[in-house]
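Structure, as structure tokens:
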């Protein structure tokens, strides 16, 4: 895969005595209606190995499967390949940062969060918001941490119950 396409490769399975007449590639995304959709139909069935290039859109998780057809009907779908997305990670690279110590607790600051992945930093400038230092010993962990507002695919707001 690269940043805008997936390359799917597969081998011709055993035809169980009836020649394979076609393959279909199906995909589903994380968006509704969460149903499999045919994205490619391959009727050239003489090669032993196949390759299909599928165009991708950003901000979408995809799952693909391949089905073979012959006079008996359709095969069981191939098992989807392993998931390539491995969750969110937090970077605390402080190589270009200045640390100012011994400021009063709950001082107001401008805070920015920027998305970074293997392709690099997001091209969108992070929004600055007002945050407060909490450099004091917490009496409890935050509870009810949740997504409070999904703005778009590059911005979200979170909320939690105040701590003592």
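The values are calculated or read from the model by the stated rules, or taken from the named source; none is laboratory data. Keep in mind it's a predicted model, so treat the numbers as computed, not measured. Counting neighbours? That spans all protein chains shown, and the Cβs are built from the backbone with ideal geometry, glycine included.
Observations, loosely collected:
- Selection within the range 1-39 - over 22 Å from the mean Cα position of the chain (by Cα), closer than 10 Å to residue 66 by Cα and modelled with pLDDT of 90 or more: 23, 24
- The set of residues in the range 20-42 that are surrounded by fewer than 10 Cβ atoms within 10 Å (Cβ to Cβ) and touching a strand residue (DSSP E or B) at 6+ places or on another chain (Cβ under 8 Å) comprises 34, 35.
Conditions (1) under 31 Å from the mean Cα position of the chain (by Cα); (2) closer than 15 Å to residue 114 by Cβ; (3) at pLDDT below 80; (4) surrounded by fewer than 10 Cβ atoms within 10 Å (Cβ to Cβ), marked per residue:
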| position | (1), (2), (3), (4) |
| --- | --- |
| 126 | yes, yes, no, no |
| 129 | yes, yes, no, no |
| 136 | no, no, yes, yes |
| 141 | yes, no, no, yes |
| 144 | yes, no, no, yes |
| 157 | yes, no, no, no |
